[in-house]
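Engineer: After the structure tokens below, expect a handful of questions from me.
The values are calculated or read from the model by the stated rules, or taken from the named source; none is laboratory data. All of these numbers come straight from a predicted model, not from anything done at the bench. Cβ atoms come from the backbone with ideal geometry, glycine included; neighbour counts cover every protein chain shown.
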């Protein structure tokens with residue numbers, strides 16, 4: 001049971017990471033083609049592109065870590081579970097901190113405008129609350145896996 005749950009968590013994590021990578025690739029493609037220029041100019045978001053690319057880079061790194069960690073978890077390689085748990089906890093803190101930065105004078109509007117297009121790929125995980133139940137499930141799986149009666 002614990003092994004199958006580990007595989008399921010790994011697969012769900014990989015799917016969420018792939019969704020995030022696809023989402024960010026689309027956003028970057030729109031940005032590079034000038035798709036945000038009118039909105040940026042209209043709302044005078046002078047720091048939009050810096051915020052967008054910084055947040056996109058952070059998200060892409062998270063997705064790559066989650067994909068690799070999910071793959072290892074699906075293979076029942078528990079040695080990287082700390083990395084997955086760390087990534088999920090980082091995402092929770094990151095999500096909260098980004099919301100606080102919206103209030104910073106002069107740059108807050110740019111950050112707020114960039115948040116949706118840069119961080120939207122996180123929503124697959126947050127919609128199913130993966131960063132919250134994923135670490136708990138991994139702790140349970142590791143405990144059951146280490147127990148001699150679980151074999």
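Yes/no per residue for (1) within 30 Å of residue 140 (Cβ to Cβ); (2) modelled with pLDDT of 95 or more:
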position	(1), (2)
3	yes, no
12	yes, yes
16	yes, yes
31	no, yes
94	yes, yes
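Engineer: Is region 1-11 home to any residue that is part of a loop (DSSP other than H, G, I, E, B) and farther than 30 Å from residue 109 by Cα? If you could, list the steps in order and put the result at the bottom.
Structural biologist: Quick first cut of region 1-11, residues part of a loop (DSSP other than H, G, I, E, B) only: 1.
So of that shortlist, the ones also farther than 30 Å from residue 109 by Cα come out as 1.
Looking through region 1-11, at least one residue is part of a loop (DSSP other than H, G, I, E, B) and farther than 30 Å from residue 109 by Cα.
Engineer: Turning to a different aspect of this structure: If I filter region 66-80 for residues that are under 22 Å from residue 141 (Cβ atoms) and under 12 Å from the mean Cα position of the chain (by Cα), do I get at least one hit?
Structural biologist: Keep residues of region 66-80 that are under 22 Å from residue 141 (Cβ atoms), which gives 66-80.
Retained after the next criterion (residues that are under 12 Å from the mean Cα position of the chain (by Cα)): 66-67.
The answer is yes, given that some residue of region 66-80 is under 22 Å from residue 141 (Cβ atoms) and under 12 Å from the mean Cα position of the chain (by Cα).
Engineer: To continue, here is another question. In region 83-109, how many residues are under 26 Å from residue 26 (Cβ atoms) and either more than 12 Å from the chain's Cα centre (by Cα) or in contact (Cβ under 8 Å) with a residue 24 or more places away in the chain (or both)? Reasoning before the result, please.
Structural biologist: Keep residues of region 83-109 that are under 26 Å from residue 26 (Cβ atoms), which gives 84, 87-88, 90-99, 101-102, 107-109.
Subset that is either more than 12 Å from the chain's Cα centre (by Cα) or in contact (Cβ under 8 Å) with a residue 24 or more places away in the chain (or both): 84, 87-88, 90-92, 94-99, 101-102, 107-109.
Of the residues in region 83-109, 17 are under 26 Å from residue 26 (Cβ atoms) and either more than 12 Å from the chain's Cα centre (by Cα) or in contact (Cβ under 8 Å) with a residue 24 or more places away in the chain (or both).
Engineer: If we only count helices (runs of 4 or more DSSP H) wholly inside region 72-151, which ones have 2 or more residues that are within 25 Å of residue 8 (Cβ to Cβ)? Before the answer, list the steps.
Structural biologist: Working: elements: 81-101, 108-119, 123-127, 130-146.
Correct list: 81-101, 123-127, 130-146.
Engineer: Name the single residue, out of those in region 63-82 being surrounded by 15 or more Cβ atoms within 10 Å (Cβ to Cβ) and touching a residue at least 60 places away in the same chain (Cβ under 8 Å), that is nearest to residue 20 (Cα to Cα).
Structural biologist: Taking region 63-82 as the starting set, the residues that turn out to be surrounded by 15 or more Cβ atoms within 10 Å (Cβ to Cβ) are 63, 65-74, 78, 80-81.
From the residues that got through so far, the ones that are touching a residue at least 60 places away in the same chain (Cβ under 8 Å) too are 70-74, 78, 81.
Working: 70: 14, 71: 16, 72: 19, 73: 19, 74: 19, 78: 23, 81: 20 Å.
Only one residue fits best here, namely 70.
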